[in-house]
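Values quoted throughout were computed directly from the atomic coordinates according to the rules given, and no laboratory measurement underlies them. Bear in mind the structure is a predicted one, so any value in this text is a computation, not a measurement. All Cβ positions, glycine included, derive from the backbone under ideal geometry; neighbour counts span all protein chains shown.
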Protein chains: 2
Amino acid sequence: MSTLPTTHKQWRLASYPESLPTEDNWALSEGAVPAPGANQILVRAVYLDVAPYMRGRISPQKNYAAGVKPGDVMLGGGIGEVVQSNTKHYQPGDIVVTDFGFGWQEYAVLQPSGVRKVDPALAPLPYWMEAFGLNGVTAYFALLDAAAIKPGDTVVISAAAGSVGQIAGQIAKLGGCRAVGITSSPGKAAGCRELGYDDVVDYRAEQDDLPGAIRKACPNGVDVYIDNTAGVISDAVMQNLAPHARIVLVGSISLAGRFGQPDIGPRFHRQTLIARATIRGFLVSDYLPRYQEARDRLVSWYRSGALKSKFDIAQGIENLPRAFLRLLNSENVGKQLVQVGDDPTAASGLH
Amino acid sequence: MSTLPTTHKQWRLASYPESLPTEDNWALSEGAVPAPGANQILVRAVYLDVAPYMRGRISPQKNYAAGVKPGDVMLGGGIGEVVQSNTKHYQPGDIVVTDFGFGWQEYAVLQPSGVRKVDPALAPLPYWMEAFGLNGVTAYFALLDAAAIKPGDTVVISAAAGSVGQIAGQIAKLGGCRAVGITSSPGKAAGCRELGYDDVVDYRAEQDDLPGAIRKACPNGVDVYIDNTAGVISDAVMQNLAPHARIVLVGSISLAGRFGQPDIGPRFHRQTLIARATIRGFLVSDYLPRYQEARDRLVSWYRSGALKSKFDIAQGIENLPRAFLRLLNSENVGKQLVQVGDDPTAASGLH
């Protein structure tokens, strides 16, 4: 690539949001491009990630992982190009991806142990951030391990058009299941059907009787529920459990606006007992030793044509907080990424 | 026994209770003592059962098993003496027990397939209704199968002095766990400690900060929660989950007063996700093919002195509804039974 700039743009957390974040919770600053130390690499960002889990990391509340403090560069995954290397394992021009360690900035010094090298000949770069990244790995283990799907299961997936949901629906189909998505707009519902979902419930259109709409889509009940949302969507699913239903709690994006306040609503103790359902909290990091197994399978499904993703890619580092807020307001269609630099690989054909 | 009467007393359901039942929901009537048909036996009741599950059977709401309709004899288990037999498998004088099939009445015609013969030399008759009956079998599978207790686990049991709870605490100890009970009075707490619980939380005395009281009793968090109650007790436990906690939903007696109304309160989606907890609905009937395994083990623990039960035995068939209401109001200490006829076995030493 061309000559290295001396400064770059970085988004720092300005303050903890009280409920839903606003753009004011971050501040764009200019910093020196750092020099890599011994055994380190300097990477130029191409695509940076925004994802629901980030809401939990910008809160003083207890969470499953350390958070970002006001003043810190916002955390986040990214994929980019090595521009300087002090290790023989990487050469300038290599493409590397990291799940959390890049941060919302144009350049990052990274440890080789914290990144993975990517073969851009196998798939366009955005795929390494989603289908072959933590989203795909999450869907893979949530369905195949935590829920243990079996052919014939009716599998309901909330946030079905989201980054985990769109992969989860396709894995359910690959596993011989009936896949029913829950999403928030006709456009997202159409996208889900294109990716192979058998039926889709638009929870905004069906808000007068969401339990009834789910019952219609799942006349024999819900065998597996991949819960990416919590809240009223989950309440409606819980009224439609088949005997021995398995519920995997993957996300709780509907609670994003109420950090610090308890989530009050109906509790489904009797329904869970009577159905002899299993509810499991799920954190993908518990599967770390098996990530490579999942990635290899996801890449091979993609190469065979059995798996594809939709992307919603904003342009320019200035748009990072805005893209994150679009995601929290479920305005994106497909995995939300932000392109912050030139993509050096062949035209990806995605946009 | 002496000559057979021609009539006997029966409690029939008069009406569905609206919330907590009252004595008026049943009516005592006099009926003809039935004659056993071919391959049937006539049994005289000695002890009849009252149990929390009965609340779910006297409601028009959907439940996991068929209910009693107004006009029907109230269902329930019992242990008694065979007085007439039309099958070679039973002789007058044999003691038999049935989990549900006796009904609240002095005599019942039973099928041999619906009863089990009891060896009264092994243990006093009330034990066959509790520790070696469905209560013990429930505790056995809830802990050893559904929760899969391991030595060192902190096991919290609600309704700890109840018919399932008192056995569950002892099985937790036999499994090398720390057993912490939650109960409703100093007298019940003392009873739990006598049976081997390591610590007991009196939820009425601690109602100002029940989560804090549980935290103090479980400083390393709750690994296993045997939930016999639902409601605010469970809410307090859910705030103290250890990573990978297992929660087994066995009962929901705190909801007895709100049939037909949803149970509203805090929902613990984030806590469950972050702890990667598992919540499992549990019905003992799923283990039917393995009941004998559990009973054999429970009898052998009793015979070795490792297991004992406390009983609270009311006298006289007139007191059946009152004994059931005592149970729903958690006024009993130990397994609540009602003795409705002479115990033909040697003095049991229980009272």
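Descriptive notes on the structure:
- Neighbour-limited loop hits for trypsin sites (Lys or Arg not before Pro), segment A:198-229 (at most 13 other Cβ within 10 Å; DSSP other than H, G, I, E, B): A:Arg204
- Considering only B:Gly187, B:Gly152, B:Gly305, the Gaussian network model of chain B with Cα springs below 10 Å gives its largest mean-square fluctuation to B:Gly305.
- Shape of segment A:15-170, Cα gyration tensor, a/c cut at 1.5: oblate
- A:Gln261 label point (Cα plus 7 Å toward Cβ) to equivalent points in the other copies: 2.3 nm, shortest first.
- Hydrodynamic estimate: the Kirkwood radius of the protein assembly as shown over Cα pairs, inserted into Stokes-Einstein at 4 °C and 1.567 mPa s, corresponds to D of 46 µm²/s.
- In this simple spin-label model, placing a label point 7 Å from the Cα along the Cα-to-Cβ direction at both B:Val109 and B:Val232 gives a separation of 5.0 nm.
- For chain B, built as a Gaussian network whose Cα springs stay under 10 Å, the top-fluctuating residue of B:Arg295, B:Arg303, B:Arg270: B:Arg270
- Summed residue charge, Cβ within 10 Å of A:Leu273's Cβ, Lys/Arg positive, Asp/Glu negative: +2
- Summing Cβ point charges (Lys, Arg +1; Asp, Glu -1) relative to the Cα centre of segment B:134-285 gives a dipole of roughly 280 debye.
- Per-residue mean of foreign Cβ neighbours for B:274-287 is 6 (Cβ atoms of other chains, 10 Å radius).
- Listed by Cβ neighbour count within 10 Å, with the fewest neighbours leading, B:Leu174, B:Leu298, B:Leu4 appear as B:Leu4, B:Leu174, B:Leu298.
- Projected-area average for segment A:134-285 over all orientations - Cα convex hull basis, square nanometres: 8.4 nm²
- The GluC sites (Glu not before Pro) of segment B:16-95 that meet both conditions, a loop assignment by DSSP and at most 16 other Cβ atoms within 10 Å of the site Cβ, are B:Glu18.
- Between the residues B:Gly265, A:Gly231, A:Phe141, the greatest Cα displacement towards the positive end of the dipole of the protein assembly as shown, with unit charges on the Cβ of Lys, Arg, Asp and Glu, is found for A:Phe141.
- The sum of -39500 (n - 2.57) across all DSSP H runs of n ≥ 4, divided by the residue count of chain B, sets its helix-only mean residue ellipticity at 222 nm to -6500 deg cm²/dmol.
- Remark: A:Tyr225, B:Tyr287 ranked as B:Tyr287, A:Tyr225, counting other beta-carbon atoms within 10 Å and listing the fewest first.
- Other-copy label distances relative to A:Arg303, 7 angstrom Cα-Cβ extension, nm: 6.3
- Exposure proxy ranking, count of Cβ atoms within 10 Å, fewest first, for A:Ile167, B:Ile253: B:Ile253, A:Ile167
- Gain in span if fully extended, B:Thr345 to B:His89, counting 0.36 nm per residue against the direct Cα distance: 90.1 nm
- Working note: Debye formula, equal point scatterers on the alpha-carbon atoms of chain A, no solvent; log10 I(q)/I(0) at q = 0.09 Å⁻¹ is -0.49.
- For the rotational copy pair A/B, the chain A residue whose Cβ lies nearest the symmetry axis, together with its distance in Å, is A:Ile279, 2.
- Shortest-first nm distances, B:Thr6 label point to equivalent points in other copies (7 Å, Cα→Cβ): 11.6
- Residue with peak Gaussian network fluctuation, chain B [Cα springs, cutoff 10 Å], from B:Arg290, B:Arg12, B:Arg44: B:Arg290
- Distance between the 7 Å Cα→Cβ label points at A:Ser19 and A:Glu194: 3.4 nm.
- Formal net charge of residues neighbouring A:Ile214 (Cβ-Cβ distance under 12 Å; K, R +1; D, E -1): -3
- Square roots of 5 times each gyration tensor eigenvalue, C-alpha, segment A:141-226, largest first, Å: 19, 14, 10
- Counted charge near B:Pro120, where neighbours are those whose Cβ lies closer than 11 Å (Asp, Glu -1; Lys, Arg +1): -3
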